[in-house]
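In what follows, a single structure is set out as structure tokens and then discussed.
The values are calculated or read from the model by the stated rules, or taken from the named source; none is laboratory data. Remember, it's a predicted structure, so these values are computed and weren't measured experimentally. Positions of Cβ are generated from backbone atoms using ideal geometry, with glycine treated the same way; all protein chains shown enter the neighbour counts.
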Amino acid sequence: MPDFTDLTTPLVADACVRAGLAPRIAPAGIRPVLAGTRLAGRVLPARHYGSVDVFLEAFGAAAPGDVLVVDNGGRTDEACIGDLTVLEAAAAGVAGLVVWGLHRDTAELVEIARPVFSYGALPLGPLRADEREPGADVRFGPHVVTGGDLVVADDDGVLFLAADRADEIVAIARQIRGTEREQARKIRSGETLRQQTVFDEYLRRRAADPQYTFRRHLRRVGGAIEE
């Protein structure tokens, strides 16, 4: 498992673009129960049908550091996980949960302090018990997720990437981070981003050649704010 500790989801998303991969971003609105929480690990997929048994079954196959990724179809009429599920996840060595849906028992989840990401809270649990569909895909928004994927989550959202490309993505993300940190340092020292990117020259070139894009200009001068 690559080390994502010092990488934000924006950096990882930009690295995916730089590597020629379409970023697999969860729908907007998925947030941590505790602001500032960060999470990364192998996907432990589970599709919810109204009962906790799917989670207990998944935990039986969990490896330490896995992240339970719950497909509840983005439903906002029920909370599909609560304190008992999260406590059981912790007992199984699961690093955290990412839910395409809602949670409940917020006070208890804060006390447990295991990372949980969802659309938000709702007091009502499931009132249904749907028939399970053997072999059905586990989805998160438009994306199918499997045990061959990694999930990375923070305050900006959640994204998924194939585990076999993770080392490459981490390396690129660290390069981008280094460039952007240096750019930020220079801004704080008085050298504006316009100066760093030779923006006046870009405007002159664009006036002479309307096809000259800012991204092309950044590649020429070594910038990394867009790619």
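Among the listed residues Glu88, Glu131, which satisfies the condition of being in the same structural domain as Pro27 (by TED's automatic domain parsing), at pLDDT 95 or above and among the charged types (D, E, K, R)?
After ruling out the rest, the residue left standing is Glu88.
Can you tell me how many residues in the range 182-197 are assigned to a helix (DSSP H, G or I) and surrounded by 11 or more Cβ atoms within 10 Å (Cβ to Cβ)?
9
Hey, can you tell me all the residues within the range 124-146 that are in a loop (DSSP other than H, G, I, E, B) and in contact with a strand residue (DSSP E or B) (Cβ under 7 Å, 6 or more places away or on another chain)?
Of everything in the range 124-146, those that are in a loop (DSSP other than H, G, I, E, B) and in contact with a strand residue (DSSP E or B) (Cβ under 7 Å, 6 or more places away or on another chain) turn out to be Leu124, Gly125, Pro126, Ala136, Asp137, Val138, Gly141, Val145, Thr146.
Condition first: touching a residue at least 24 places away in the same chain (Cβ under 8 Å), within 21 Å of Asp53 (Cβ to Cβ) and hydroxyl-bearing (Ser, Thr, Tyr). Can you find one or more residues in the range 103-123 that meet it?
yes
What about Val110, is it under 30 Å from Arg165 (Cβ atoms) and of a type in the set (Val, Ile, Thr)?
On the way: under 30 Å from Arg165 (Cβ atoms): no; of a type in the set (Val, Ile, Thr): yes.
No.
When you check Asp164 against the structure, is it in contact with a helix residue (DSSP H, G or I) (Cβ under 6 Å, 6 or more places away or on another chain) and at pLDDT 95 or above, yes or no?
no
Between Ala89, Ala28, Ala40, Ala13, which is in a loop (DSSP other than H, G, I, E, B) and of a type in the set (A, V, I, L, M)?
Ala28
Give me the residue from the range 198-212 that is exposed (fewer than 14 other Cβ atoms within 10 Å of the Cβ) and not aliphatic (A, V, I, L, M) and, out of that set, nearest to Leu21 (Cα to Cα).
Gln211
All but one of (1) outside any loop (DSSP other than H, G, I, E, B); (2) touching an Asp or Glu at 6+ places or on another chain (Cβ under 6 Å) hold for Leu161; state the number of the condition that does not hold.
Failing condition for Leu161: (2).
Is it the case that some residue within the range 95-113 is part of a strand (DSSP E or B) and over 30 Å from Arg18 (Cα atoms)?
Checking the range 95-113: at least one residue is part of a strand (DSSP E or B) and over 30 Å from Arg18 (Cα atoms).
What tally of residues in the range 43-75 results from selecting those that are assigned to a loop (DSSP other than H, G, I, E, B) and of a type outside the set (Gly, Ala, Ser)?
Result for the range 43-75: 7.
I'd like to check something: does the range 101-108 contain any residue that is surrounded by 15 or more Cβ atoms within 10 Å (Cβ to Cβ), in contact with a Phe, Trp or Tyr (Cβ under 6 Å, 6 or more places away or on another chain) and not polar (S, T, N, Q)? If you could, list the steps in order and put the result at the bottom.
Step one: filter the range 101-108 for residues surrounded by 15 or more Cβ atoms within 10 Å (Cβ to Cβ), giving 101-106.
Adding the requirement that they be in contact with a Phe, Trp or Tyr (Cβ under 6 Å, 6 or more places away or on another chain) leaves 102.
From what is left, the residues that are not polar (S, T, N, Q) are 102.
Yes, because at least one residue in the range 101-108 is surrounded by 15 or more Cβ atoms within 10 Å (Cβ to Cβ), in contact with a Phe, Trp or Tyr (Cβ under 6 Å, 6 or more places away or on another chain) and not polar (S, T, N, Q).
Could you look through the range 40-82, keep only residues that are of a type in the set (Asp, Glu) and either in contact (Cβ under 8 Å) with a residue 40 or more places away in the chain or surrounded by 18 or more Cβ atoms within 10 Å (Cβ to Cβ) (or both), and pick out the one that is nearest to Asp154 (Cα to Cα)?
Only one residue tops the list, namely Asp66.
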